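The values are calculated or read from the model by the stated rules, or taken from the named source; none is laboratory data. For clarity, every value in this text was computed on a predicted model and none was experimentally measured. Don't worry about glycine lacking a Cβ; one is built from the backbone with ideal geometry, like all the others, and counts go over all protein chains shown. Surface accessibility is based on the protein's heavy atoms, side chains included, excluding ligands, DNA and RNA. Shrake-Rupley method; radii C 1.70, N 1.55, O 1.52, S 1.80 Å.
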Amino acid sequence: MAHFAKINNDNIVEQVIVVNNDVILDENNIESEQIGIDFCKSILGENTNWIQTSYNGNFRKNYAGIGYTYDVQGDGFYAPQPFDSWTLNQDTFIWEAPVEYPDDENIYNWNEETLSWDLIT
């Protein structure tokens, strides 16, 4: 199955739909993103914007979710910023804390006030 993300004018994902692979095949039986986009527009509105996303993250960095942003220059999707102190890794499009998550058997929550990981007891 192919997945397509509807984005608004600010490149924010508003909807993600599944399209049968047969629908996006060209005359040579090769998948075509443009055919999928045209299909999405034909059923959900010509004035909508669609971009194919990969459920497995094989392309466009991450699978698109509602509220995610599509970065045109980086050709990828990323989640909303979870905390003000976190920065977006420009290679993976995954948010990173300013302090690495502890490498042990415990579970932690991020504490934005102290900019540290708090042990969950």
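Kindly check whether there is at least one residue in the range 54-76 that is among the hydrophobic types (A, V, I, L, M, F, W, C), assigned to a strand (DSSP E or B) and either touching a Phe, Trp or Tyr at 6+ places or on another chain (Cβ under 8 Å) or modelled with pLDDT of 95 or more (or both).
No: zero hits.
Of all residue pairs spaced 6 or more apart or on separate chains, those with beta-carbon atoms under 9 Å, a first member in the range 50-72 that is surrounded by fewer than 15 Cβ atoms within 10 Å (Cβ to Cβ) and a second member that is of a type in the set (F, W, Y) and in a strand (DSSP E or B) are G65/F77. Determine which member of the set G76, G65, G45, G36 is in contact with a helix residue (DSSP H, G or I) (Cβ under 6 Å, 6 or more places away or on another chain) and small (G, A, S). Only one candidate qualifies: G36.
Applying the set (1) hydrophobic (A, V, I, L, M, F, W, C); (2) surrounded by 12 or more Cβ atoms within 10 Å (Cβ to Cβ); (3) in contact with a strand residue (DSSP E or B) (Cβ under 8 Å, 6 or more places away or on another chain) to I120 leaves exactly one unmet item: (2).
If I filter the range 83-95 for residues that are of a type in the set (G, A, S), assigned to a loop (DSSP other than H, G, I, E, B) and open to solvent by less than 60 Å² (accessible area, probe 1.4 Å), do I get at least one hit?
Yes; the residues of the range 83-95 include at least one that is of a type in the set (G, A, S), assigned to a loop (DSSP other than H, G, I, E, B) and open to solvent by less than 60 Å² (accessible area, probe 1.4 Å).
Inspection of the range 9-27 identifies at least one residue that is outside any loop (DSSP other than H, G, I, E, B), among the β-branched types (V, I, T), more than 18 Å from the chain's Cα centre (by Cα) and farther than 28 Å from W110 by Cα.
Can you go through E33, E100, E96 and tell me which one is modelled with pLDDT of 95 or more and under 16 Å from the mean Cα position of the chain (by Cα)? E96 is the lone residue from the list that is modelled with pLDDT of 95 or more and under 16 Å from the mean Cα position of the chain (by Cα). Taken over the range 8-49, the residue count meeting the criterion of being open to solvent by 90 Å² or more (accessible area, probe 1.4 Å) and either touching a Ser or Thr at 6+ places or on another chain (Cβ under 7 Å) or among the β-branched types (V, I, T) (or both) is 2.
Hey, can you tell me all the residues within the range 78-120 that are among the small types (G, A, S) and closer than 25 Å to Y68 by Cβ?
Those that are among the small types (G, A, S) and closer than 25 Å to Y68 by Cβ: A79, S85, A97.
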